[in-house]
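The values are calculated or read from the model by the stated rules, or taken from the named source; none is laboratory data. The model shown is predicted, which means the values in this text are computed figures rather than measured ones. Every residue, glycine among them, receives a Cβ derived from its backbone with ideal geometry; neighbour counts consider all protein chains shown. Note: accessible area is taken over every heavy atom of the protein model, side chains too, but ligands, DNA and RNA are not part of it. Shrake-Rupley method; radii C 1.70, N 1.55, O 1.52, S 1.80 Å.
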Amino acid sequence: QVQLVESGGGLVQAGGSLRLSCAASGRTFSRNVMGWFRQAPGEERDFVAAINWSGVTTYADSVKGRFTISRNNAKNTVYLQMNSLKPEDTAVYYCAARTAQTLLSSGPLAYDYWGQGTQVTVSS
């Protein structure tokens, strides 16, 4: 059974940092596109960042320059380093995986596997 488990969320003051982790089990995702999305209450699930198997990345404009996605294929884990956090970054953050290996996508429907989410709250 494939599982994606996020961790690292929490409460942080504006300007602070958090590092989210997503550990995959049940199959290896070292050759697959991995992504992070977020969803605030009453809002749609929005794209944050994605990375393909070779390390090519793409980001939402709202997080570019503040967030960094990375992966450790040996550990079957993807990370999201979040710096200079703002109150508008408050959301549940979800890890996702595509069966595709190379083509990055910002659309939630392009992803085949999802984690349960981790809450990130940024206070002003």
| task | Filter the stretch 80-93 down to residues that are out of contact with any helix residue (DSSP H, G or I) (no Cβ under 8 Å at 6 or more places or on another chain) and not in a loop (DSSP other than H, G, I, E, B) and give me whichever is most open to solvent (accessible area, probe 1.4 Å). | result | Glu88
| request: Consider Gly9 carefully, then state whether it is open to solvent by 20 Å² or more (accessible area, probe 1.4 Å), within 21 Å of Val122 (Cα to Cα) and touching a residue at least 60 places away in the same chain (Cβ under 8 Å). | output: yes
| What number of residues in the stretch 38-55 are surrounded by 12 or more Cβ atoms within 10 Å (Cβ to Cβ) and either touching a residue at least 60 places away in the same chain (Cβ under 8 Å) or within 19 Å of Ala91 (Cα to Cα) (or both)? | 9
| task | Hey, could you check the stretch 22-37 for residues that are part of a strand (DSSP E or B) and open to solvent by less than 30 Å² (accessible area, probe 1.4 Å) and say which is farthest from Arg71 (Cα to Cα)? | result | Phe37
| If you go through the stretch 38-55 one residue at a time, how many are under 11 Å from Ala97 (Cα atoms) and in a strand (DSSP E or B)? | 2
| request: May I ask you to list the residues in the stretch 99-124 that are in contact (Cβ under 8 Å) with a residue 60 or more places away in the chain, assigned to a loop (DSSP other than H, G, I, E, B) and of a type outside the set (Gly, Ala, Ser)? | output: Thr99, Gln101, Thr102, Leu103, Leu104, Tyr111, Gln116
| request: Would you mind stating whether Ala96 is of a type in the set (Gly, Ala, Ser), surrounded by 18 or more Cβ atoms within 10 Å (Cβ to Cβ) and part of a strand (DSSP E or B)? | output: yes
| request: Can you work out which of the residues in the stretch 99-120 that are β-branched (Val, Ile, Thr) and open to solvent by 50 Å² or more (accessible area, probe 1.4 Å) is modelled with the lowest pLDDT? | output: Thr102
| note | Over the stretch 56-65, the set of residues β-branched (Val, Ile, Thr), assigned to a loop (DSSP other than H, G, I, E, B) and open to solvent by less than 70 Å² (accessible area, probe 1.4 Å) is Val63
| message | Among the listed residues Thr68, Thr77, identify the single one that is at pLDDT 95 or above, open to solvent by 30 Å² or more (accessible area, probe 1.4 Å) and out of contact with any helix residue (DSSP H, G or I) (no Cβ under 9 Å at 6 or more places or on another chain). | response | Thr68
